[in-house]
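What follows is a set of notes on a single structure, which appears directly below.
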Amino acid sequence: MEPGSPLALAARGVTKSFGGRRALGGVDFEVGSGEVVALIGPNGAGKTTLLSILAGIAAPDEGSVDADGVAWVPQQAALYRRLSVRENLMLFARLQAAAGQTDERPESMVERMLELTGLRERAGDRVGTLSGGNQQRVNIAVGLMAGPSVLLLDEPSVGLDPAQRERLWRFILGLVGEGTAVAFSTHDIQEAERYAERIVVVAEGEGVFDGTADELRREVEARGESAGDLETSFLAFLRERGH
Amino acid sequence: MRWLLVKDLQILRRSPLQLALLVIYPIAIALLVGFAMTRDQEQTTVALYNAMPAGESLGFGGEEVDGGEIRDQLCGRVECIDADGVEDAKRMVDSGEATAAVILPEDTGDRIRSLASLDPDPPVIQVVVNGSDTVENQVTDDRIDAMLSEANLLLAKRLSEAANQYLDLILEGGRFDLLGQDIEVLGLQKSERILNRLESKLPPGADRQELERAARFARLATENLDLAGPLLTAITQPIKADKVVVGDEAPSLDTFAIGVTTAFALMFVTVLLVAGSLALEKEENAFTRLSSGLVTRTQILVAKIGLGSVVGSGVALILLVGLGLFVGIEWGRAPYWLLGILFGAAAFSAAGSALGAAAREVRAATLAAVMICLPVALLSLVPDDAVGPAVETAIDVVSAVFPFRPALDAITAGLELSGSSTWLPLVHLAALVAVYGALARIALRRF
């Protein structure tokens with residue numbers, strides 16, 4: 001995050017437990033306007049839990065989240081496969097309007113999202129017939145309808161081929177260019193390095209690193225290990241910390 | 001919430017198989033049940049072979065029993081088809097052309113006539129049934145018993161009438177034919193008058209006393225034989241039933257059949273639809289998105305109950321209109337039975353929501369719906385008297401906590417009954433909507 005750039009989202013000391021198991025133990029997290037942050041970590045590290053708390057879907061046991069206008073896009077498309085692209089967009093536009101999340105007319109929101117996703121020609125197609133990448137675009141479009149300042153994406157490119165992933169990121173980066181902050185979780189370290197300006201490593205419910213990919217490499221090298229590519233550095237970093 | 005309902009209806013419309021089932025299912029059920037209800041017992045086919053000589057008189061004691069009359073009595077409750085012989089009758093039963101065969105032996109006429117003689121030899125008719133079907137055997141037995149009862153009643157009445165004619169002859173005197181000879185019978189009343197006249201002409205003494213005894217006997221016999229006529233008439237049907245209904249008013253059998261058919265269709269369509277639809281929200285990951293600020297979980301639940309109520313009521317209405325083509329449905333009472341259907345659909349929807357919320361996946365929800373609905377509904381139809389007190393109590397409890405029985409009561413009451421029978425099931429169903437709605441809402445917390 002550039003020094004002095006306004007914060008789009010800030011979380012402080014977020015903790016969450018499920019039964020006796022601690023999922024998050026005092027995590028700090030922030031995203032600046034127009035910034036892209038990747039959330040990486042082993043399975044079960046608490047990435048999805050953190051995103052769902054940031055999105056307001058789950059409540060933290062302790063800590064605070066300060067954000068205005070957050071949209072959450074789940075890992076799997078949260079869409080009705082038997083409805084068309086337009087019908088899905090129209091449903092969520094109407095619900096958002098009814099919930100007072102936007103003053104824009106649903107019809108206008110739908111047209112804007114069809115334009116944004118580039119799916120106007122397939123507006124009448126059932127979502128179930130779209131490719132995974134296109135479904136994810138509609139999925140993200142639903143999250144973007146109310147014009148959020150922060151977009152939270154849970155593993156957005158899972159199951160997509162490289163070409164679909166490329167198209168999806170072109171779409172997301174277009175939103176970033178308009179000032180939307182993006183935080184996404186991923187297991188694909190290359191994807192994190194390629195698209196994120198900053199990387200946050202979460203392990204066993206703790207935020208153990210927050211910086212750029214180069215800073216992660218340098219930290220590994222500073223401890224006398226060969227950094228190699230980011231994935232090698234990431235694994236060395238976790239190993240050194242006992243994860 | 002309105003948009004959630006519109007969305008569910010759009011999804012329903014997009015599933016041609018589901019939509020076709022929702023339309024075809026009630027129509028097919030209405031046709032099947034309608035035909036079954038109008039078929040009745042007249043359609044039970046019985047092969048009849050009459051081996052009695054053609055044109056034979058079946059008269060006895062001056063009473064004529066027409067052969068055609070006996071046939072009419074036998075065939076009054078079934079459809080008779082004539083067989084050419086005993087073997088032909090058996091073939092008809094064996095091939096399924098007839099449910100049973102009734103064979104009137106050649107000596108049937110002689111035996112009927114002997115009933116009015118001093119040496120009665122009752123006629124024996126032969127009944128042939130196909131023994132391969134347990135249920136049909138029972139039904140056929142009942143039909144044949146009913147046929148024989150009708151014929152026996154006719155003969156008993158005619159025998160009684162013949163006996164009454166003999167009694168009148170003995171009492172009042174007259175002429176009758178015996179083996180071609182015309183015989184005059186004096187009769188007890190005339191005998192008494194003659195004896196009384198002769199007695200008054202005799203001087204007191206032993207002869208007069210004997211005559212007086214004979215006259216007294218004739219008077220007593222006349223008086224007592226007067227009672228024999230009504231007695232003979234009475235024994236043709238010694239017991240008559242005077243039915244008095246106590247307790248709750250019960251619907252007619254036709255109304256009950258319509259109610260059961262409608263309640264079953266309503267139950268299956270509504271519970272399966274709502275349970276599956278709610279579980280689908282989870283499977284399509286839409287529930288979390290919907291409930292993260294767009295709508296509340298309670299609103300999602302209410303929309304699902306609304307969906308089930310609208311679709312279930314529509315299906316039940318199609319079914320009733322279809323049944324109305326076959327059996328009499330009082331359309332003037334539509335507001336009453338529509339209320340029953342609507343409340344029933346809402347209660348089934350609430351139960352379906354609870355199932356769907358607990359199961360959380362479509363297949364599990366569907367399986368649970370079938371496994372719970374079917375046995376509970378069938379259990380609700382078990383008559384109280386068919387089981388012991390403990391089991392009866394258990395069945396009553398199960399019937400009360402599942403919407404099938406109150407829905408059935410509400411629909412049948414709406415079709416036919418009045419008073420508290422109409423609104424009590426509605427109150428019961430409203431309570432079940434609240435209970436199952438609350439259970440579904442609790443289950444949605446961890447959905």
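Derivation of every value follows stated rules applied to the coordinates shown; laboratory data play no part. None of the values given here were measured: they were computed from a predicted structure. Note: ideal-geometry Cβ built from the backbone for every residue, glycine included; neighbour counts use all protein chains shown.
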Requested in this report: Within the set of other residues whose C-beta is less than 13 Å from the C-beta of B:ARG216, count the net charge using Lys and Arg as +1 and Asp and Glu as -1.
Outcome: -2
Report summary line: With Cα coordinates, the longest principal axis of chain B makes an angle with the long axis of helix B:389-401, in degrees rounded to 10, of 40
Query raised in the report: Tally Lys/Arg at +1 and Asp/Glu at -1 over every other residue whose Cβ is under 9 Å from the Cβ of A:PHE184; what's the total?
Result: -3
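Can you quote the Å³ per residue value for the convex hull of the Cα atoms in chain A, rounded to an integer? Write down the numbers at each step before the final one.
Numbers: hull volume 31.2 nm³, N = 243.
Convex hull of Cα atoms, per residue: 128 Å³.
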Query raised in the report: With each label point set 7 Å from Cα along the Cα-Cβ vector, what nm distance links B:ALA206 and B:THR393?
Result: 8.5
Query raised in the report: Based on the Cα gyration tensor of segment B:186-234, what are the three equivalent ellipsoid semi-axes, each the root of five times an eigenvalue, rounded to whole Å and given largest first?
Result: 28, 10, 5
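Would you mind ranking A:ASP66, A:ASP210 by Cβ crowding within 10 Å, fewest neighbours first? Please report the intermediate quantities before stating the final value.
Values: A:ASP66 11, A:ASP210 17.
Ranking A:ASP66, A:ASP210 by Cβ neighbours within 10 Å, fewest first, gives A:ASP66, A:ASP210.
Would you tally the net charge around A:LEU119, using a Cβ to Cβ cut-off of less than 10 Å, leaving A:LEU119 out, and scoring K and R as +1, D and E as -1? Before the final figure, lay out the partial values.
Values: positive: A:ARG86, A:ARG120, A:ARG122, A:ARG137; negative: A:GLU115, A:GLU121, A:ASP125.
Value of the local net charge: +1.
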Requested in this report: State the cysteines of chain B left without a partner when partners are defined as other cysteines whose beta carbon lies under 4.7 Å away.
Outcome: B:CYS373
Query raised in the report: Roughly what percent of Cα-Cα pairs across segment A:79-147 reach past 14 Å?
Result: 49
Query raised in the report: Taking a spot 7 Å from the Cα of B:ARG216 along the direction of its beta carbon, which residues of segment B:158-201 have an amide N less than 16 Å from it?
Result: B:192, B:195-196, B:199-200
Requested in this report: Over all alpha-carbon pairs of the protein assembly as shown, lay out the pair-distance distribution in 10 Å bins, whole %, shortest bin first.
Outcome: 3, 11, 14, 14, 12, 10, 8, 7, 6, 5, 4, 3, 2, 1, 1, 0, 0
Query raised in the report: How big is the antiparallel share of DSSP beta bridges in chain A, given as a percent to the nearest 5?
Result: 55
Requested in this report: Please work out the Cα convex hull volume for segment B:203-360 and give it in Å³ per residue.
Outcome: 203
Query raised in the report: Tell me, what is the percent relative contact order of segment B:351-447, built from C-alpha pairs under 8 Å that lie six or more residues apart?
Result: 39
**Report entry** Value at 222 nm in deg cm²/dmol, rounded to 500, when DSSP H runs of n ≥ 4 in the protein assembly as shown each add -39,500 (n - 2.57)
**Finding:** -19000 deg cm²/dmol
Report task. Determine the relative contact order of segment A:163-243: mean sequence separation of Cα pairs under 8 Å and six or more apart, normalised by residue count, in whole percent. Result -> 19
Query - B:PHE35, B:PHE343 arranged by Cβ crowding within 10 Å, fewest neighbours leading - result: B:PHE35, B:PHE343
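When ranked by the protection proxy of mean other Cβ atoms within 10 Å per residue, highest first, what sequence do the peptides B:350-359, B:401-410, B:304-313 form? Please list the in-between numbers first.
Details: B:350-359: 28.3, B:401-410: 26.7, B:304-313: 24.0.
Answer by packing, highest mean first, reads B:350-359, B:401-410, B:304-313.
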Query raised in the report: Hey, rough spin-label estimate for B:VAL6 and A:ALA98, points 7 angstrom out along Cα→Cβ, what's it come to in nanometres?
Result: 0.9
Query raised in the report: For B:THR288, B:THR44, B:THR270, what ranking results if the residue with the fewest other Cβ atoms within 10 Å of its Cβ goes first?
Result: B:THR288, B:THR44, B:THR270
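Past the 32 angstrom mark, what percentage of all C-alpha to C-alpha distances in chain B do you count?
Numbers: 60355 of 99681 pairs.
Value for chain B (Cα pairs over 32 Å): 61 percent.
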Query raised in the report: For the protein assembly as shown, what proportion of DSSP beta bridges, expressed in % and rounded to the nearest 5, is antiparallel?
Result: 55
Query raised in the report: When you look at the Cβ of every residue in B:9-19, what mean number of other chain Cβ atoms sits within 10 Å?
Result: 2
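With an 8 Å cut-off on Cα pairs and a minimum separation of 6 or more residues, tell me the relative contact order of segment A:79-147 in percent. All intermediate terms of the calculation are to be shown ahead of the outcome.
On the way: 69 pairs, mean separation 31.8, N = 69.
Taking the mean separation of contacting Cα pairs over the length of segment A:79-147, I get 46 percent.
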Requested in this report: May I ask you to order B:157-164, B:200-207 by the average number of other C-beta atoms within 10 Å around their residues, highest value first?
Outcome: B:157-164, B:200-207
Query - Inter-label distance, nm, simple model (7 Å from Cα along the C-beta direction), B:TRP331/B:ALA250 - result: 3.1
